[in-house]
Amino acid sequence: MKIPFSLKEYKALFKLGLPITISQLGMTLQGLADTIMVGQHSGHELAAAGFVNSLFIIGILLSVGFSNGAVARMGYLYGQGRTRDTVAVVRSNVWANLFQTFIITTVMTVIYFLLPHLGQDPSLLPLMQSYYAILLPSLPLLALAGIFKPFFDSINDTAVPMWIMLIGNVWNVIGNWVLIFGHCGLPEMGIEGAAWATASSRALILLLYIAVFCFSRRYRPYRAYWSEVKATRREFMLLNKLGWPVGIQMCIETLSFAGASLWLGWGGESWDAVSSLAAYQVMSQISALIFMFFIGIGAAISIRVSNYHGQHDQAGIRMAAHCGYEMILVISIVLSVVIFSFRQDLAQIFVSAGDPALLEKVSGIVVACCVPLVLYQFGDGMQSAYVNALRGLGDVKPLMLYSFIAYIVISLPMSYLFGIVMDGGCPGIWYGFPFGLTTAAFLYLHRFLKDLRP
């Protein structure tokens, strides 16, 4: 019996997306471990780490987004079987990532010196500064890993990044246990221990990427061309043209979340900054747990679309995007039901029972935030599918405008209205997110369908 084309596509997306999802699960569990361990050590440290992470995620996503832009180019060449040209792009990507690393690290350094002027609780500022200062030098290590991950992904070898990320995550979790609480004869470092564990895991991940590429037999054909080809200005410019719009689009989306955490640091008439920031960190981790599945399938969509694009297969492009969205939609429904069913118990996982007053406050906020979290899953799933389809096509420039409209013009003002003006606090902030995500979803879908018109 002939297998329907759509079923083949589901299988291909699953095969590519599963390792990416597992990798994202590892990263999310790492974030959960950080949050749980820091929260068990101190509620104030949890609030400080939550705010710093909301700032760092901007630089991280800008870097990751820039690197992901290379998938469209490499996947296009891989779809045509052009191994030598693919290696030339990888060499050019070395210089492109060094360039983006310098820019992003410089920006994040400036933000560090602005910490005292962001209106945060003075009692949290020393914790924020020490945590930030340790993480900052590790940001270039994370960015340089972007030289290798898009290459492995674009040639359909998503399992390698999965194993590397899992090893790095296990290292980080063990480091948290040892350094935060002072095990194995080492001093108890609290929030600073969490930062050192994260920084060392990023160094390990970069070293593993380099080792696999240099010594694995699988990549011998690619290494054979390494000395023959050179980085070119044309590819360098093209990678920047593809990378920065993706990074900026992801960054703009994140600003709607990071800006919200900044407002929470101000406090309100009926809510305080510490419990709101702690609850926000809890909700961010729960949201990331759901979104990791979107990332896995979305990345698979981008890879498949780029390969089909190289083969000039319009039907394949359409099928990959639509099948991917259907998979994301099913996943979002199942996970939303699970999260909403256990909403009363979520805060206890993250906040120490030794601080019952804070636990009670955070728990009430988390329960209220679960309603908008469920509401925005439809829009978040759709925008994840079609933004990745557009990335696979290399049609990335319009993404910046669409993201600005959805997240800056619509989402941020709505969050400010519900959270600050109407004194809704953290739940009010989260009620603004469904408006932006749903707007982005339909803008991306419209652009995708326009690209496929004859």
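Evaluated against (1) over 27 Å from Leu62 (Cβ atoms); (2) in contact (Cβ under 8 Å) with a residue 40 or more places away in the chain; (3) buried (at least 24 other Cβ atoms within 10 Å of the Cβ), Gly428 falls short on exactly one condition, (2). Region 352-454 holds helices (runs of 4 or more DSSP H) entirely within its bounds, and those carrying 2 or more residues that are closer than 30 Å to Asp313 by Cβ map to 377-393, 397-403, 433-451. With the checklist (1) crowded, with 19+ Cβ neighbours inside 10 Å; (2) in a helix (DSSP H, G or I); (3) more than 26 Å from the chain's Cα centre (by Cα); (4) not β-branched (Val, Ile, Thr) in hand, flag the one item Pro221 doesn't pass. Among (1) crowded, with 19+ Cβ neighbours inside 10 Å; (2) in a helix (DSSP H, G or I); (3) more than 26 Å from the chain's Cα centre (by Cα); (4) not β-branched (Val, Ile, Thr), Pro221 violates only (1). Every listed requirement among (1) assigned to a helix (DSSP H, G or I); (2) touching a residue at least 12 places away in the same chain (Cβ under 8 Å); (3) not aromatic (Phe, Trp, Tyr) is met by Gly119 save one, (1). Within region 172-208, being part of a helix (DSSP H, G or I) and farther than 21 Å from Phe56 by Cβ holds for Ile174, Trp177, Val178, Phe181, Leu207, Leu208. Just one of the listed residues (Ala385, Ala347) is modelled with pLDDT of 95 or more and either of a type outside the set (A, V, I, L, M, F, W, C) or crowded, with 17+ Cβ neighbours inside 10 Å (or both), and it is Ala385. Scanning region 227-245 for residues that are among the polar types (S, T, N, Q) and assigned to a helix (DSSP H, G or I) gives a single hit, Asn240. Each residue in region 134-179 was checked for being surrounded by 24 or more Cβ atoms within 10 Å (Cβ to Cβ), over 22 Å from Gly39 (Cα atoms), at pLDDT 90 or above and small (Gly, Ala, Ser), and 1 pass. Can His322 be described as more than 20 Å from Leu375 (Cα to Cα), within 23 Å of the chain's Cα centre (by Cα), surrounded by fewer than 24 Cβ atoms within 10 Å (Cβ to Cβ) and modelled with pLDDT of 90 or more? Criteria met by His322.
Here region 38-80 is the region considered, the condition is being surrounded by 24 or more Cβ atoms within 10 Å (Cβ to Cβ) and among the hydroxyl-bearing types (Ser, Thr, Tyr), and the residue that is modelled with the highest pLDDT is Tyr76.
The values are calculated or read from the model by the stated rules, or taken from the named source; none is laboratory data. This one's a predicted model, so the numbers in the text were calculated from it and none came from an experiment. Cβ sites come from the backbone with ideal geometry, for glycine too, and all protein chains shown count toward neighbours.
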